[in-house]
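A.B. asks: Before anything else, here's the structure in question.
The values are calculated or read from the model by the stated rules, or taken from the named source; none is laboratory data. Just so it is clear, the model here is predicted, and its values are computed rather than measured. Cβ placement follows ideal geometry from the backbone for every residue including glycine, while neighbour counts extend to all protein chains displayed. Only protein heavy atoms, including side chains, enter the accessible area calculation; ligands, DNA and RNA are left aside. Shrake-Rupley method; radii C 1.70, N 1.55, O 1.52, S 1.80 Å.
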Amino acid sequence: MKDLKLAGLTSEKKTSSIEVNGVTIGGKEIILMGGPCAVESSAQMSQSAETVKKAGGKILRGGVFKPRTSPYSFQGLGREGLNYLVQAAKEQDLLCVTEVIDAQSLDLVVNNVDIIQIGARNMQNFELLKLAGKIDKPIILKRGLSATIEEWLLAAEYILAAGNPQVILCERGIRTFEPSTRNTLDLSAVGVAKEVSHLPVIVDPSHAAGRRDLISSLSKAALAAGADGLLIEMHPNPAEAVSDGPQSLTPEQFVQLAGELGVVANSVDRVYVCAGQRDSDTLESLRAEINNLDQNIIGQLATRMQLVRKIGEQKRLDRVKDSNREKEIMQRLVDLAEELQLPSELVKRIYPLIFEFGVQSQIKTRVAQDRDIEQPFFSAGSK
Ligand SMILES: C=C(O[C@@H]1C=C(C(=O)O)C=C[C@H]1O)C(=O)O
């Protein structure tokens, strides 16, 4: 692809992550963003924020300027809606994102939200892209309805070239001949974009499918395909939504899906942190979940110890301890802890113990092994 001077990857820069107020997009952690298509009321946004928080989501979405296909459809609450969005995000300590459609809406939201979205219909609004390039806020750039991946990346290049390095690509389905879904989610676009560009890529399965029954499977497929995050529509009462009701998840479905993302994330060497789904947060249910987690932690430690012993079998007894390897593991885990907002001190205290027991176990394995090798020699005459 030509002209990807800034969006294209180089030998030094294969991936880039975007750090926004304590949330890293494009790191190890999968970032979940959710909320209604359009901001309708203060109560609707408060309930949505509560659900996003419960699901382990980090970012609340909500449109206040709506570029609708029909001029007679709801066009958004503007400034009033912006206040509801910002307030609800604040209540739950979430970040927020909203779409801008022109210079005025950009001006209005730029100092209030954490992330700005440029929607599919404006992907090639080059003047808007240039304006987005002049601000110091991350931009989610949705792929246009009929845009090739190259056109999408060149749109990102406009923002980058104008001076804003914080671009997050968002695949949201493209127009094909298939009428069963609103659009066709192009999951290969995630891989292709990542092959040619260093920018983080997220997926919006809601606008792609246009129907809520497909959102769960498409979200998981998106993670498997390498997406760094998900942007999912959820409404406290989808039947009453002023826009995109049929594709919006209910709060229960949203939390359930979030609870299922962790295993998919782990299978592709990523992390999704969500305190699981419970009917209600009773002391008993919370403790049951902790018991379950503790069991997993011990199980994983046992597997780790087995691997450490296997490594021990391959090493010389005088080279059992490898300080460089330990340092490298520690650095990686401290970085991960910081990304997951876990005190890095915890990792710094636990891991030396884990290493120590690993090394001891390797020494024992080696000594036993060496004895076994010598055994036939000693036992030959005695039998
Ligand atoms: C497992 C190894 O041996 C030792 C134990 C380590 C561990 O527990 O991760 C790391 C380095 C070594 O001190 C290894 O060399 O990789």
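A.B. asks: So what's Rg/Rh here for the chain, counting alpha carbon atoms and using the Kirkwood radius for Rh?
C.D. replies: My calculation puts Rg/Rh at 1.09.
A.B. asks: Hey, could you get me the Stokes-Einstein D for the range 300-379, Kirkwood radius over alpha-carbon pairs, 20 °C and 1.002 mPa s, rounded to whole µm² s⁻¹?
C.D. replies: Here the translational diffusion coefficient equals 152 µm²/s.
A.B. asks: So, counting K/R as plus one and D/E as minus one, what does the shell of residues with Cβ under 14 Å around residue 302 add up to? Don't skip to the answer; put the middle values down first.
C.D. replies: Values: positive: 304, 309, 310; negative: 294.
Net of charged neighbours comes to +2.
A.B. asks: Follow-up question, since we're still on this one. Take the alpha carbon gyration tensor of the range 1-139, find the square roots of its eigenvalues, order them as a ≥ b ≥ c, and report rounded if a/c is under 1.5; if not, report prolate when a/b exceeds b/c, else oblate.
C.D. replies: Values: a/c = 2.13, a/b = 1.24, b/c = 1.71.
Note, shape of the range 1-139 comes out oblate.
A.B. asks: Right, here's the next one. How big is the antiparallel share of DSSP beta bridges in the range 89-244, given as a percent to the nearest 5?
C.D. replies: 5
A.B. asks: Counting only protein heavy atoms and using a 1.4 Å probe, what share of the accessible area of the chain belongs to carbon plus sulfur, as a whole percent?
C.D. replies: 53
A.B. asks: Report the charge-dipole magnitude of the range 300-379 in Debye, nearest 20, computed about the Cα centre from +1 at each Lys and Arg Cβ and -1 at each Asp and Glu Cβ.
C.D. replies: Computed about the Cα centre, the dipole is about 200 debye.
A.B. asks: Okay, next question. For the range 138-194 and the range 196-264, write down the distance between their C-alpha centroids in whole Å.
C.D. replies: Spelled out, the Cα-based centre of one part sits 16 Å from the other.
A.B. asks: OK, next. If you look at just the Cα atoms of the range 105-204, how large are its Rg and its Dmax in Å?
C.D. replies: In Å, with Rg to one decimal and Dmax whole: 13.3, 41.
A.B. asks: Something else about it: Which one, 26, 173, 320, projects farthest toward the positive side of the charge dipole computed for the chain from Cβ point charges (K/R +1, D/E -1)?
C.D. replies: Working it through, the farthest residue towards the positive pole turns out to be 320.
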